[in-house]
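What follows is a short report on a single structure.
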Amino acid sequence: AEWKWGEEQRDAFECIKNCLITRPVLGYPDFSREFIIYTDASGYGIGAVLAQIQPPPQSADSVESDGQDLRKSDGVEVVIAYTSKNLNDREAKWSTTEKEAYAIIHAIDVSKTYLYGRKFTVFTDHRP
């Protein structure tokens, strides 16, 4: 079957894009909390997610006891930003380890306004 990009596909793509950039998917940074970076690389690109563990939003799961807000969870992971980059021809020839390391460097570089002077943890799936 032949696949065509039409109005229905465009609308679905726009809907997915909007879902990825609106709350609760994207949150605001809390500079009093540690940041988390997840990175990955492939043969043709790199990507990363900047996230944090933040208190869950007020909900029916919250209970007040003696003036303190007690929650069922210590927090929820909130995505602050996404980043990705296509590898150029030279970069695409790098080893897997070099690509994974470059993904970390790129993620830290584009997130430096959030990370400068703050504690953060990097997670990668690469195991050399």
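Any read-out appearing in this document is the output of simple, stated calculations on the displayed coordinates, not a laboratory observation. Just so it is clear, the model here is predicted, and its values are computed rather than measured. Cβ sites come from the backbone with ideal geometry, for glycine too, and all protein chains shown count toward neighbours.
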**Asked** Residue separation times 0.36 nm, minus the C-alpha to C-alpha distance between I53 and V122: what's the value?
**Response** 23.5 nm
**Item:** Highest average packing first - 35-44, 1-10, 117-126, Cβ atoms within 10 Å
**Value:** 35-44, 117-126, 1-10
**Complete:** Magnitude of the Cβ-charge dipole (Lys and Arg +1, Asp and Glu -1) of the chain about the Cα centre, nearest 20 debye, reported as 460 debye
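Quick one: compute the contact order of the chain, relative version, from alpha carbon pairs under 8 angstrom and 6+ residues apart, as a percent.
Values: 174 pairs, mean separation 40.4, N = 128.
Across the chain, relative contact order equals 32 percent.
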**Message:** Angle check, please: helix 7-21 long axis (alpha carbons) against the longest principal axis of the chain (alpha carbons), in degrees 0 to 90, nearest 10.
**Reply:** 50 degrees
**Asked** When each pair of different Cα atoms in the chain is counted once in the 1/r mean, what is the Kirkwood radius in angstroms, to one decimal?
**Response** 17.4 Å
**Message:** Through the Karplus equation 6.51 cos²θ - 1.76 cosθ + 1.60, θ set to phi - 60°, convert the phi angles of the stretch 34-49 into ³J(HN,Hα) values in whole Hz; use x for Gly and Pro.
**Reply:** 5, 9, 10, 10, 10, 10, 7, 9, 10, x, 10, x, 10, x, 7, 10
**Fill in**
Proximal lysine pairs in the chain, meaning Cα under 20 Å and 8 or more positions apart or interchain, come to 6
